[in-house]
Amino acid sequence: MSEAPIAVFDSGVGGLSVLAEIQQRLPNESLLYFGDCGHIPYGEKTPEFIRQRCALMARYFREQGAKALVLACNTATVAAVAELRRDFPDWPIVGMEPAVKPAAAATRSGVVGVLATTGTLQSAKFAALLDRFAADVKVVTQPCPGLVEMIENGDLDSSALRQLLQGYVEPLLAAGCDTIILGCTHYPFLKPVLLQMLPAHISLIDTGGAVARQLQRLLDEGQLRARGPARETRFWTSGDVPHFAQVLPLLWKKPGSVQRFQW
């Protein structure tokens, strides 16, 4: 069982940022990745629809023999992680949440900005994170419609993307934020352009590394760590396979076969 693969799921290609953190921390693990690109963006879907998609995906990868599951999507975690843990009590399942706690600890100005999808910012889970970890800081939230779709198309540096992103970060800078949470797994791919755009004292925080550490802890608890060597990462998408295969090298930068997820 320890040599079985780990399944990583996202609404699209954003979870590849988490996949990279997992591979870096756990290089002996074999990985499976599913991007539900045929139904993106999840931020515009109902919680019930997202739960149905997550349940379908979880059953599929359980049947594929995956030894653990990572929900590399904030919106999917909010909607479905509790139900999945209830339905699969013996399966290690790791979810995502915006990095409110480390951002609150890191800020010097006392003002933290959040770039995220509308669905994440409106969720009860996000409100609970603020109540728990951000009582002593000011949090300025900024929904970012359009960014996910541009990244899904492989656009990481166009003038249109820069203009859209500039409009989202300016209110955070005007409010005095010195720490910005990247609250969507797609957004770490924009770090290079953000670092060019932002003053040098601004810190960017995401949760991919924390997810990889939590996954490692759960594998160690269950004595499930692989000895390796890892097999080639396999990819599935519910969207257009040629498009996914075209975008994959831009974001993953490693070889991998892409298959169609039929449901």
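Just so it is clear, none of the values below were taken in a lab; they were calculated from the coordinates. Predicted, not measured: the structure shown is a model, and the values here were computed from it. Note: ideal-geometry Cβ built from the backbone for every residue, glycine included; neighbour counts use all protein chains shown.
Give me the lysines in straight-line cross-link reach of K101: C-alpha distance below 25 Å, same-chain residues under 8 apart excluded.
Within the straight-line cut-off, K101 pairs with K125, K138, K191.
Can you bin every Cα-Cα distance in the range 100-206 into 5 Å intervals starting at zero and give me the percent of pairs per bin, rounded to whole numbers?
Answer for the range 100-206: a P(r) of 2, 13, 24, 27, 18, 11, 4, 1 percent.
Work the Kirkwood hydrodynamic radius out for the range 24-88: mean of 1/r over every pair of different alpha-carbon atoms, inverted, in Å.
12.7
Please arrange M1, M96, M197 by how many other C-beta atoms lie within 10 Å of their C-beta, fewest to most.
If I rank by nearby Cβ atoms, fewest first, I get M1, M197, M96.
Quickly estimate the mean residue ellipticity at 222 nm for the chain, helices only: each DSSP H run with n ≥ 4 gives -39500 (n - 2.57), and the total goes over all residues, rounded to 500.
-13000 deg cm²/dmol
Just how large is the dipole of the range 161-263 about the Cα centre, in debye to the nearest 20, putting +1 at every Lys and Arg Cβ and -1 at every Asp and Glu Cβ?
So the magnitude is around 500 debye.
With 10 angstrom as the radius, rank Y42, Y60 by how many other C-beta atoms surround their C-beta, starting from the fewest.
Neighbour counts put them in this order, fewest first: Y60, Y42.
For the range 210-263 and the range 155-202, write down the distance between their C-alpha centroids in whole Å.
26
If the viscosity is 1.002 mPa s and the temperature 20 °C, what translational diffusion coefficient in µm²/s does Stokes-Einstein give for the range 191-263 when Rh comes from Kirkwood over Cα pairs?
Value of D from the Cα-based Kirkwood radius: 135 µm²/s.
Which aspartates and glutamates, on any chain, are close to K253 with Cα under 14 Å apart, when same-chain ones fewer than 8 places away are left out?
Counting by Cα, and skipping residues close in sequence, K253 has these aspartates and glutamates nearby: E21, E232.
Kirkwood Rh and Cα-based Rg: tell me the resulting Rg over Rh for the range 1-133, rounded to two decimals.
The Rg/Rh ratio comes out at 0.98.
Can you tell me the convex hull volume per residue for the chain, based on C-alpha atoms, in Å³ to the nearest whole number?
Roughly 121 Å³ of hull volume per residue.
Would you mind ranking W91, W236, W263 by Cβ crowding within 10 Å, fewest neighbours first?
W263, W91, W236
Taking the Cα centre of the range 100-206 as the origin and placing charges on Cβ (Lys, Arg +1; Asp, Glu -1), which of Y168, G110, S123 is farthest toward the positive end of the dipole?
Among Y168, G110, S123, the one farthest towards the positive end of the dipole of the range 100-206 is G110.
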